[in-house]
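Structure, as structure tokens:
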Amino acid sequence: MTDRAIKSIAIVGGGTAGWMAASLLAQTLRGTGCAITLIESPDIGIVGVGEATIPPILDFLKLIEVDLDAFLQATQATFKLGIKFQDWSRVGESYWHPFGSFGVSIDRRPFHHVWHKARTEGLDMAVPDFSLAAALGEAGRFAPPDPRAGGPLAGLRHALHFDAALVAKFLRDHAERRGVRRLEREVARAVLRDDGFIDALTLTDGEQVKADFYIDCSGLRGLLIEQALETGYEDWTRWLPCDRAIAAPTAHAGPPAPYTLAVAQDAGWRWKIPLRHRVGNGYVYASQAIDDETALSELLAAIGEPLAEPRKLRFTTGRRKAFWNRNCVALGLASGFLEPLESTSIHLVCSGLYKLLDHFPDRDFAPSNIAAYNRALVAEYETFRDFIVLHYCATARDDTPFWRDRAEASIPDSLAERMELYRACGRIDTRPGELFTDLSWFYVLEGMGLRPRAHDPLVDASDFRQVRAILPRLAQQVATVVAQSPTHQAALGAGRSVAA
């Protein structure tokens, strides 16, 4: 039988996406003889604004056998317990999307259904009363998950904030130690075969690099997936009109918070991501609603004097019509752009890589295998899109034209169906394997002020007098852990034993 195995892979573009791909493929393909080459230009900087993650990043780092303590130190990382949203539903109001468990199941009903009935019974409850992550975040404290401890510590989860440029450097060194070849050059163009597949990459000095399989991590320009293969792009501006971002670092004004802050602004929203050595800030906005100079002024008024010149980014929200085209897969910004409201950018790189391993090709590049990969990624991107649109469309704000437009704009049918189900009975239609579980949807739906017309009728089977007695005990368990936990700053100094 003819050997059809992939013998060589070329990755175009470094940055977080490129070096994540190189690290995982080097780990997975070791012993196969497959040569991996990454080409990155010293003259093209990385976007580097994706500095907040979600809990699966820790699984990725474990998979590629990274020393976590070394990673935390090298990337100036801090811990992240969730996202706090401010001024999204109404100016002056805030809500949490925390990580980890929420309350406990009561008579096999998820706690958010019990929450709905408690509301109808007139009980005044807050998410941090029953979410350890949110309670720790509010207190500026941090604790490691501990499955052996039981109670709220057993269900706690966390992620990381880090410096994206430092992450790329760390993973570059990690991948090179595992045999990845790095070319510090620039790709001028891709040479196509008669069948439309990529045959080789021509560098600016005329040298050619040939591979069986190509991974495009070239950023928004999509050097291979779009410029060479003309894959096409699905524009989601009608649902997510923000098309600009300004990023600027500032010095710390106090201890770093263990969460990402997302603050709604006049024409978009602002992020605040605390690292060890600085604070990352940025403003994502719609150019139709505000000009660049006014947006910059609004950002600087909120954050103060920046440590470096603000960086500006233009984008079109959406995705490639295919993430895998012929013998090329796009990852990161080359695959599409979703504003980083729920810190999904780096996770989408991970997800694209995991699905690539599930569908890893040989040199025949079976069309059915490629189609299955694309279907899986399309479904994930569209679910993420809907989740982000939810933060806008459910707003009660009417103080600026941008927010009035968001409240009145059309939304995807798939999102409308989820919202109507929730309004009817508090249920959320999530599918197996989706990143955002029913609990994530609950946090945003609840936080944005949507209230179901009825609660899960099975909750009525419980003796609510007993439920009333359980609720204060659950809240006390959370409060006790918070009181016994170190500050986030102290936890950062504790090193790996805290992060594990």
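The values are calculated or read from the model by the stated rules, or taken from the named source; none is laboratory data. As the structure is a prediction and not an experimental result, all values here were calculated from the model. Every residue, glycine among them, receives a Cβ derived from its backbone with ideal geometry; neighbour counts consider all protein chains shown.
A few remarks follow.
- Some residue of segment 276-298 being outside any strand (DSSP E or B), in contact with a helix residue (DSSP H, G or I) (Cβ under 9 Å, 6 or more places away or on another chain) and within 25 Å of G137 (Cα to Cα): yes
- From the list V187, V167, V209, V191, the lone residue that is in contact with an Asp or Glu (Cβ under 8 Å, 6 or more places away or on another chain) and either at positive phi or among the β-branched types (V, I, T) (or both) is V191.
- Residue within segment 68-85 that is of a type in the set (D, E, K, R), surrounded by fewer than 17 Cβ atoms within 10 Å (Cβ to Cβ) and out of contact with any helix residue (DSSP H, G or I) (no Cβ under 6 Å at 6 or more places or on another chain) present: no
- Among the residues of segment 33-70, those that are modelled with pLDDT of 90 or more, within 17 Å of I11 (Cβ to Cβ) and among the β-branched types (V, I, T) comprise I36, T37, I39, I64.
- Residues in segment 58-91 that are in a loop (DSSP other than H, G, I, E, B) and within 30 Å of D405 (Cα to Cα): 5 in all.
- Selection within segment 286-332 - crowded, with 17+ Cβ neighbours inside 10 Å, of a type in the set (K, R) and under 18 Å from E234 (Cα atoms): R319, R320
This table checks each residue for (1) touching a residue at least 60 places away in the same chain (Cβ under 8 Å); (2) small (G, A, S); (3) within 27 Å of K84 (Cβ to Cβ).
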{"site": "I198", "(1), (2), (3)": "yes, no, no"}
{"site": "L224", "(1), (2), (3)": "yes, no, no"}
{"site": "A248", "(1), (2), (3)": "yes, yes, yes"}
{"site": "T260", "(1), (2), (3)": "yes, no, yes"}
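- Failed item, numbered, when Y283 is tested on (1) surrounded by 23 or more Cβ atoms within 10 Å (Cβ to Cβ); (2) more than 19 Å from E342 (Cα to Cα): (2)
- Filtered residue count, segment 487-500, keeping only those that are at pLDDT 95 or above and in contact with a helix residue (DSSP H, G or I) (Cβ under 7 Å, 6 or more places away or on another chain): 1
- Scanning segment 404-448 for residues that are in contact (Cβ under 8 Å) with a residue 60 or more places away in the chain and either surrounded by fewer than 14 Cβ atoms within 10 Å (Cβ to Cβ) or in contact with a strand residue (DSSP E or B) (Cβ under 9 Å, 6 or more places away or on another chain) (or both) yields a count of 7.
- Given (1) assigned to a strand (DSSP E or B); (2) in contact (Cβ under 8 Å) with a residue 60 or more places away in the chain, number of the condition R189 does not satisfy: (2)
- Looking only at residues in segment 172-219 that are over 27 Å from the mean Cα position of the chain (by Cα) and among the β-branched types (V, I, T), the one that is nearest to I346 (Cα to Cα) is V187.
- Of A264, A251, A188, all but one fail to be crowded, with 22+ Cβ neighbours inside 10 Å and not basic (K, R); the exception is A264.
- Checking each residue in segment 220-244 for being closer than 30 Å to S297 by Cβ, buried (at least 22 other Cβ atoms within 10 Å of the Cβ) and either in contact with a strand residue (DSSP E or B) (Cβ under 6 Å, 6 or more places away or on another chain) or small (G, A, S) (or both) picks out only C242.
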